[in-house]
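Each remark here refers to the structure printed beneath this line.
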Amino acid sequence: MGNGTSIGRVRGLGSSHHGTHHFLSSRLTAVGNLVLIPFLMISLALMPSHDYATVHAWAAKPLPATALILIMINTFQHARLGVQVMLEDYIHEEGGKIAAWLLVNILPFAGAAFGIVSVVRIALGGA
Amino acid sequence: MAQAPGKRPLSPHLEIWRWGPAMLVSILHRVTGNGLAFVGLALFLWWVGALAGGPAAYQTFLDWVWLPPDGGLQSVTAALGKLVLIGLTWAFFQHMASGIRHFVLDIGAGYELEANARWSSLTLLFAVSATSVFWAFVFLR
C-alpha cells in the first residue's frame, strides 16, 4: 500500500463488502416500484373525481392503503440508495460528506414514518 | 485526494465527447431519479399528509397544487403544480424505461453500439409517449 496517489492508498485493502448489498437492494426496490407506482398512477387516473371524500375512501381501502405504505418503505429506500450514489459522486469535502450522511440516513426514515402514520390514520379512522 | 500529486493528466470528460443517446439517457436517469426523490416524494407526502389531516388540509393542498380558488399567488402555484406533476410523470416514465434498460445491461446484454443507441433512444420516445397518453386520458376522459 503506497501513500502517493488515491488509488495507491486503497490498493490491497479489498472491498468494503457493502457494494453488492447496495446494488441488489437498489434493483429489488426498483422491481417493487415497477408494480407500486403504476398502481398508484392508474388508480388516480381512473378515479371518478378527486375530491376529499372520493380520494379518502379509496386510500382507506385495504389494498390501496397497503400499496401506499409499501411505497413509503420500498420507494423511499430506493430513493435513499439513489440519492446516496449521487451525493457520493459529487460531494468530496469532509464536512459535506457528514451533512450528506445525515441527510441520507435521517430524512428518508422521517418522511416514510410520517407517510405511514398518515396512511394508518386514513385507513383506521380519525379525521 | 489530499496527497495526490496536483498536475496529473485527467481523462477527457464531458466537454470533449460528442453527445449520444446513451449519454443523454444516463444523465437523465440520474436527473429524473433525484427529481422524483426530492420533488416527487415531497409532494407525495404532502398529498398523503393532507388526506390524513382532513377536508380542510386536503383543500389547501388542492388550492396550492391543482385548483386555485381565484387569483392571487395560488393561481400561479396551481399552474406550476400542473407543470410539476406532468414533469414528474415524464420523469417517472423516463426513469422506469431507463431502469428497465439497466436490468438488461445488468445481465450483460445490449452493449453493441447500434443496439445500445437504439434502446437508449426508445426510452426517450417511450417516456414522452407514455406521458402524453397518461395526461390525455386524465384531461379528456
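All of the numbers you see were taken from the coordinates with simple rules; none came from a lab. As the structure is a prediction and not an experimental result, all values here were calculated from the model. Note that we place each Cβ from the backbone using ideal geometry, even for glycine, and neighbour counts take in every protein chain shown.
Taking R0 as 25 Å, what's the FRET efficiency between A:Trp101 and B:Ile27 from their Cβ-Cβ distance, rounded to 0.05?
Values: r = 24 Å, r/R0 = 0.98.
That gives a FRET efficiency of 0.55.
Would you mind classifying segment B:21-140 by shape? Square roots of the alpha carbon gyration tensor eigenvalues, ordered a ≥ b ≥ c; an a/c under 1.5 is rounded, otherwise it is prolate if a/b is larger than b/c and oblate if not. If you can, show how the numbers build up before the last one.
Values: a/c = 3.14, a/b = 2.39, b/c = 1.32.
It is prolate, given that a/c is not under 1.5 and a/b is the larger ratio.
Cut-off 10 angstrom, C-alpha nodes, Gaussian network model of chain B. Which of B:Arg118, B:Arg30, B:Arg18 fluctuates the most?
B:Arg18
At B:Tyr111 and B:Val76, where each label point lies 7 Å from the Cα along Cα→Cβ, what is the point-to-point distance in nanometres?
Distance between label points: 5.1 nm.
Expressed in nm to one decimal, what extension gain is obtained for the pair A:Leu28 and A:Val85 from 0.36 nm per residue of sequence separation less their Cα-Cα distance? Before the final figure, lay out each step's value.
Values: separation 57, 0.36 × 57 = 20.52 nm, distance 1.62 nm.
Between A:Leu28 and A:Val85, full extension yields an extra 18.9 nm.
Restricting things to alpha carbons, find the Rg to Rh ratio for the protein assembly as shown using the Kirkwood radius for Rh. Walk me through the intermediate numbers first.
Values: Rg = 21.7 Å, Rh = 21.1 Å.
Reported Rg/Rh, Kirkwood definition of Rh: 1.03.
Loop by DSSP (not H, G, I, E, B), at most 11 other beta-carbon atoms within 10 Å: where is the longest site-free stretch of chain B for chymotrypsin sites (Phe, Trp or Tyr not before Pro)?
On the way: sites that count: B:Trp17, B:Trp19, B:Tyr111.
For chymotrypsin sites (Phe, Trp or Tyr not before Pro) (loop position, at most 11 other Cβ atoms within 10 Å), the longest site-free span of chain B is B:20-110.
Just tell me which aspartates and glutamates come within less than 18 Å, Cα to Cα, of B:Lys82; anything on the same chain fewer than 8 places away is out.
The qualifying aspartates and glutamates are A:Asp51, B:Asp63, B:Asp70.
May I ask for the equivalent-ellipsoid semi-axes of chain A, computed as the square root of five times each C-alpha gyration tensor eigenvalue and listed largest first in whole Å? Mind dumping the intermediate values first?
Working: eigenvalues 328, 47, 27 Å².
Result for chain A: semi-axes of 41, 15, 12 Å.
Taking springs between alpha-carbon atoms closer than 10 angstrom, which of B:Ala117, B:Ala56, B:Ala91 fluctuates most in the Gaussian network model of chain B?
Looking only at B:Ala117, B:Ala56, B:Ala91, the largest GNM fluctuation is found for B:Ala56.
What percent do you get for the relative contact order of chain A when only Cα pairs under 8 Å and 6+ apart count? All intermediate terms of the calculation are to be shown ahead of the outcome.
Values: 76 pairs, mean separation 34.9, N = 127.
RCO, chain A: 27 percent.
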